[in-house]
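Report on the structure given below.
Each value in this text was obtained by applying a stated rule to the coordinates, not by laboratory testing. Note that this is a predicted model, so its numbers are computed, not measured.
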Amino acid sequence: MFGLKDINTENRYDETDEKKLKIADTISIFTNPPIITIPLFLIICIILACDGTPFTSGFSFNWTQFIIT
C-alpha cells in the first residue's frame, strides 16, 4: 500500500501553474453570480414584457410590465 514515503511533499512550481491560475481566475470572474444573474434577470424581464413576435406588425413592448417584473 501507500506509505508516507510515497506521498510527494515537495512544493513544485512550474510555468504551467501560472497559466492554469490565469484561466481559473478568468472562469471565476465570468461565473461570479452577480455577473450571471443580473443580465439574465434583465433578459427574462424583457422577454416577459414583449407581446407578439419581434420584427412583425403585432409586436409591442410593454414598459409597465417590464417595470413591474
What is the gain in length, in nm to one decimal, between residue 51 and residue 64 on full extension, counting 0.36 nm per residue of separation less the C-alpha to C-alpha distance?
3.4 nm
Largest first and in whole Å, what are the equivalent-ellipsoid semi-axes of segment 15-69 based on the Cα gyration tensor, each being the root of 5 times an eigenvalue?
40, 13, 5
